[in-house]
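Heads up: the structure comes next, in structure tokens.
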Amino acid sequence: MPDTSALPSAATQAPADTIIAIRQLSKTYASGHRALQQIDLDIRTGEIFALLGPNGAGKTTLISIVCGLVNPSAGTVQVAGHDIVRDYRAARSAIGLVPQELTTDAFETVWDTVCFTRGLFGKAPDPDALERILRSLSLWDKRDSKLITLSGGMKRRVMIAKALSHEPAILFLDEPTAGVDVALRKDMWNLVRSLRATGVTVILTTHYIEEAEEMADRVGIINHGQLLLVEQKASLMRQLGQKFLTLHLQVPLTRLPDSLAVWPLELADDGRTLRYRYETPQAGAAVPALMAALQAQGLALADVDTEQRSLEDIFVDLIRSPA
């Protein structure tokens, strides 16, 4: 079980750069199912925040409450300084939401649907702003096309265009690349980065761990309605990641020499490789001493490989840990 005791939990007092502040948020449905349990979370202005968790973990419920689609059972949420219950309209106007499901009027044109959505938020018509959005999503040439004629990937782009049509400060992407091919997925990644560059705060949920590893500034992991941790991605990789040093021997060993027993080495591949696992910078700093010990034993190396645990490995370990 990974040791998360040294990792900071969500802050209890919102920092100055917080755009979404969630405090003691809980949700219990009429069936008795506890979808969320006392969530504390701050989302920072202009960051890309990835919320990871298996199906049923509470990701969509959390997003739905912040976006005003589901009522909380307890706790508070402030969006851009506005309480989502007492000042719903102002809070919701700061948010763009791209749901996982593709829900569009099949016989509307791309242009009409983004114009209509902008109007729903009380925004005055602004053809120039909508043109910029459509061009950024490679939809400008499709502006007069009916949605029914578009591919699944293009329809998902339209959903993003609708979410951005009122120029929100926050964009929620719920499984944005589900069912999207690899090329389009990378286009989406580039789009998200460009939005962040303009100051938009992006919160995404995803089953594709590589999306979080590729894009996110911070990562939150949720399971069984509980927020297990929130951490800078780089710091998370440092603290919970493991590195592996694989030493390929020129001459196989039948057993590990007694003088090397102090090292956590694994003999593998019929004695042809030694595998050294380390989790801390201090252990990594001992690698030169290990190499010297091997040389002193007269063990000649044919090759050396290194690898590091991925964010997916860390995620799997965390959600398998007992709640």
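Some notes on this structure:
- Check on S138, in contact with a strand residue (DSSP E or B) (Cβ under 7 Å, 6 or more places away or on another chain), in contact (Cβ under 8 Å) with a residue 12 or more places away in the chain and surrounded by fewer than 17 Cβ atoms within 10 Å (Cβ to Cβ): no
- Scanning region 143-172 for residues that are more than 23 Å from L52 (Cβ to Cβ), among the charged types (D, E, K, R) and buried (at least 20 other Cβ atoms within 10 Å of the Cβ) turns up R157, K162.
Residue by residue, here is whether (1) modelled with pLDDT of 95 or more; (2) in contact with a strand residue (DSSP E or B) (Cβ under 7 Å, 6 or more places away or on another chain); (3) small (G, A, S) holds:
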| residue | (1), (2), (3) |
| --- | --- |
| G32 | no, no, yes |
| P54 | no, yes, no |
| A57 | no, yes, yes |
| S64 | no, no, yes |
| G68 | no, no, yes |
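- Candidate set from region 173-201 (those that are part of a loop (DSSP other than H, G, I, E, B) and buried (at least 17 other Cβ atoms within 10 Å of the Cβ)); member that is modelled with the highest pLDDT: V200
- In region 28-40, the condition of being surrounded by fewer than 16 Cβ atoms within 10 Å (Cβ to Cβ), among the acidic types (D, E) and assigned by TED's automatic domain parsing to the domain that holds I209 is met by no residue.
- Going through (1) surrounded by 13 or more Cβ atoms within 10 Å (Cβ to Cβ); (2) farther than 24 Å from T205 by Cβ; (3) at pLDDT below 95 one by one, E131 falls short only on (3).
The values are calculated or read from the model by the stated rules, or taken from the named source; none is laboratory data. Just so we're clear, the structure is a prediction, and the values are computed from it rather than from any experiment. Note that we place each Cβ from the backbone using ideal geometry, even for glycine, and neighbour counts take in every protein chain shown.
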